[in-house]
Structure formats: structure tokens, C-alpha cells
1. Quick check: residue separation of residue 27 and residue 93 times 0.36 nm, minus the Cα distance between them. What number comes out in nm?
2. I'd like the Karplus ³J(HN,Hα) series for segment 127-143: coefficients 6.51, -1.76, 1.60, θ = phi - 60°, whole numbers in Hz, and an x wherever there's a Gly or Pro.
3. Gain in length, residue 153 to residue 123, computed as 0.36 nm per residue apart minus the alpha-carbon separation, to one decimal in nm?
4. Going by average Cβ density within 10 Å per residue, which order do the peptides 109-120, 166-177 take, highest to lowest?
5. Express in nm, to one decimal, how much length is gained between residue 38 and residue 171 on full extension, taking 0.36 nm for each residue of separation and deducting their alpha carbon distance.
6. For the residue pair residue 78 and residue 62, what label-to-label distance in nm results when each label sits 7 Å from Cα along the Cα-to-beta-carbon direction?
7. Report the charge-dipole magnitude of segment 105-162 in Debye, nearest 20, computed about the Cα centre from +1 at each Lys and Arg Cβ and -1 at each Asp and Glu Cβ.
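Every number here is computed from the coordinates shown, using simple stated rules; none is lab data. Because the structure is predicted, anything quoted here is derived from the model rather than measured. Cβ: placed from backbone, ideal geometry, glycine included. Neighbour counts: every protein chain shown.
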Amino acid sequence: ERYLFRTMPPPEPARPSPPPPSSAAQSIYLRYHRLFPDIPTILSSSLRFSRDAAGHSLVHLASSAGPRRVILVDVRTAEERAVSTLPGAVSSIDLDGDLGEAGDALTVTYCTVGFRSGRAARLLRRRGREVAHLDGILAYTHSGNVLVDGGGAETREVHVFGPEWAGVGGSFRPVTFGRWKMAVEGCRMFFPKKVGWCCECREKR
């Protein structure tokens with residue numbers, strides 16, 4: 001499997017590949033990931049999903065060094081997560097209660113294409129976590145894996161923030177914010193100190 005992970009580099013490190021939708025989406029993907037050269041990028045195709053004896057979702061990273069447990073952190077808004085998430089993912093708030101039990105698991109943040117997840121990963125690294133961020137839920141829809149709704153059932157809908165990010169894969173159906181909501185969330189994303197943090201963290205207030 002191709003992946004980029006700085007502390008466990010493959011013989012020939014792979015660069016994260018942009019998802020195959022529209023050229024506009026590719027441009028956004030590459031622009032955002034280049035903003036975080038210090039944060040390793042994990043490709044969606046490297047994730048492996050399973051369940052434990054109790055039926056709980058488990059996520060591992062496939063690598064040449066063997067599988068490694070992953071904690072997926074969905075840093076998108078509650079409205080986006082209500083449409084669908086990656087199996088086993090937790091929110092930023094849920095993560096606070098899991099940090100003490102994380103052990104040597106790799107914390108992997110994700111959002112739509114990588115901007116919010118890159119910033120969240122930097123914050124978590126300052127708190128002592130070993131972090132990386134995913135290539136994004138948009139790229140994930142091209143990986144052949146499934147998404148689940150709030151009840152844990154498989155769904156084909158995925159929130160992609162806005163129309164410009166709507167290049168989902170396969171039979172997935174994009175859901176977007178309205179123009180006003182997208183403008184508000186965009187302001188939160190780029191001006192968090194003035195408007196509020198762009199991800200779930202702001203709901204702690």
C-alpha cells in the first residue's frame with residue numbers, strides 16, 4: 001500500500017495523490033495539503049476496518065511494518081458528521097475522553113480535503129499526540145470503503161462542504177451547505193479567533 005508516514009517511511013516514500021474528481025477539487029486538495037508539510041498525510045486506501053468481539057469498529061493502518069491501530073478524528077461540524085462519517089471515527093470532543101486510553105495508536109484527523117484536519121493535527125501534536133491527517137473524506141469516497149450515518153448504518157451520502165468539493169466517487173451522493181451557511185463556516189475556518197474555531201471544538205463553549 002502507498003502511504004506517507006514520516007516515522008515509518010516506506011523504501012520509496014509516496015506523495016499523497018489527489019482524488020480523481022474535477023480539476024477544481026484536485027487544485028483545492030493540493031493547495032491545502034501543501035500548507036502542512038510538517039504533518040504526515042495518510043491515504044484513505046491504507047486504512048483497514050474491522051470489528052472487535054463486542055461489535056465496535058476498529059481501524060488500522062496497513063504498512064510494511066505491520067498493522068497499526070488508528071484513532072480517526074472527524075474535525076468537521078456536527079451538521080457534516082450527521083450526514084456520514086468514517087466507521088469508528090470520533091469527534092474532537094469525544095477524543096478528549098479517549099486520549100488516556102490511546103496507547104501507541106496514531107491519531108489521524110480528517111475533514112473534507114485537509115485544511116481543517118491539518119490545523120487540528122497541529123493542535124493535537126502540541127498536546128503530545130503522534131498525529132497525521134487523512135487525504136480527506138472526498139478522496140475516501142474513491143477508496144472503495146464505506147461511510148456510516150449517525151446510527152452506524154451504511155450510507156451513500158457524504159457532506160462535502162460546498163459545490164466546489166462535490167467530486168465524490170462511485171455512487172456516493174454529495175450534500176452541501178447552503179450559500180449562507182457555507183460563508184459562515186468559511187469565516188470560522190479562516191478567521192477562528194474572530195468567529196470561532198472551525199471544527200467541533202467550538203461546541204465546548
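1. Gain on stretching residue 27 to residue 93: 20.7 nm.
2. Rounded to whole hertz, the list is 8, x, 8, 7, 10, 7, 10, 7, 5, x, 5, 5, 5, 4, 5, 9, 8.
3. Full extension from residue 153 to residue 123 adds 7.7 nm.
4. 109-120, 166-177
5. 44.5 nm
6. Here the modelled spin labels are 3.6 nm apart.
7. For segment 105-162, the charge dipole is close to 520 debye.
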